[in-house]
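Read through the structure below, which is laid out as structure tokens, and then see the notes.
Just so you know, all these numbers are worked out from the coordinates, no wet-lab data involved. Please read these numbers as outputs of a predicted model, since none were measured by experiment. Note: ideal-geometry Cβ built from the backbone for every residue, glycine included; neighbour counts use all protein chains shown.
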Amino acid sequence: MNDNQKQLNHPVTISDYDSNWATLFLSEKATLLESTGQHFVEIEHIGSTAVPNLKAKAIVDIMVAVQDLSELKAFLPNLEVLGYQLFDMDMKDRYFLRRAVEDQIEAFHLHIVSLKTWPQQKERLMRDYLLEHPEEARAYGNLKLQLAQLHPHNSIAYTEAKTDFIQNLMDKACDKLGIERIDVWND
């Protein structure tokens with residue numbers, strides 16, 4: 001774990017689904033598109049807050065695609081003005097930023113990937129699978145509650161403890177689509 005990853009470690013609080021998360025995404029999407037101009041080719045709400053009725057940490061994850069990751073230099077200052085901070089997460093072919101809001105630890109995570117990798121981004125595949133399988137989403141929400149109780153002050157351990165469950169979901173999603181399975185930790 002590098003220093004940036006350690007900075008992202010925080011207490012784990014799981015909330016019931018909040019329909020306001022979709023509204024927050026739409027508002028942030030408009031702000032991001034206005035700020036970055038033509039750079040963002042695709043933009044979607046990903047993560048647990050994008051799945052109705054799924055318990056989640058109150059963090060809206062957003063994934064965007066750009067033609068080429070080298071474009072970041074052109075619009076990073078605009079994101080910084082909005083309050084986004086770039087973190088080195090040792091992720092291949094991806095930039096990760098977060099923006100805190102008011103007194104919350106963090107409210108938005110922004111994942112920037114290249115357009116060529118867009119169709120097989122695991123977060124998009126998992127979101128779509130959970131949207132189609134509400135029973136799996138319920139089980140995932142229950143697991144999150146259990147793990148938050150086991151790791152209430154360590155979001156890194158909480159995330160790592162979800163790995164087997166998430167890998168199983170990803171395998172099912174990939175099998176359903178007839179694509180090669182994706183390792184959840186291989187980015």
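For Asn154, the residues whose modelled amide H falls within less than 5 Å of its own, excluding neighbours fewer than 5 places apart on the same chain, are Val12.
Cβ-to-Cβ counts within 10 Å put Trp21, Trp185, Trp118 in ascending order as Trp185, Trp118, Trp21, the fewest first.
Just to be sure I follow the rule: in the stretch 30-147, considering lysines 8 or more places apart or on different chains, how many pairs have Cα atoms under 16 Å apart? All intermediate terms of the calculation are to be shown ahead of the outcome.
Working: Lys55/Lys144; Lys57/Lys144; Lys92/Lys116; Lys92/Lys122.
Going through the stretch 30-147 pair by pair, I get 4.
Against the 2.2 N^0.38 Å scaling, with N counting residues, where does the chain land? I'd like the Cα-based Rg ratio to two decimal places. Write down the numbers at each step before the final one.
Working: Rg = 16.0 Å, N = 187, 2.2 N^0.38 = 16.1 Å.
So the Cα radius of gyration is 1.00 times the expected 2.2 N^0.38 Å.
Considering only DSSP beta bridges with both partners in the stretch 3-177, what is the antiparallel share in %, to the nearest 5? Around 70 percent of the beta bridges assigned by DSSP in the stretch 3-177 are antiparallel ones. Going from the fewest other Cβ atoms within 10 Å to the most, the residues Glu42, Glu135, Glu28 appear in the order Glu135, Glu42, Glu28. Compared with the alpha-carbon gap, the fully stretched path from Leu150 to Leu86 is longer by 20.1 nm at 0.36 nm per residue. Over all other residues within a Cβ to Cβ distance under 13 Å of Pro152, the charged ones net out to +2, with Lys and Arg as +1 and Asp and Glu as -1. Applying the Karplus relation 6.51 cos²θ - 1.76 cosθ + 1.60 with θ = phi - 60° to the stretch 24-41 yields 3J(HN,Hα) values of 4, 4, 4, 5, 5, 4, 4, 5, 5, 5, 5, 7, 9, x, 7, 5, 7, 8 Hz, where x marks Gly and Pro.
Using Cβ counts within 10 Å as a stand-in for footprinting exposure, how do Ile14, Ile46, Ile179 rank, fewest first? Display every interim value, and only then the final one.
Details: Ile14 18, Ile46 22, Ile179 12.
Lowest to highest Cβ neighbour count: Ile179, Ile14, Ile46.
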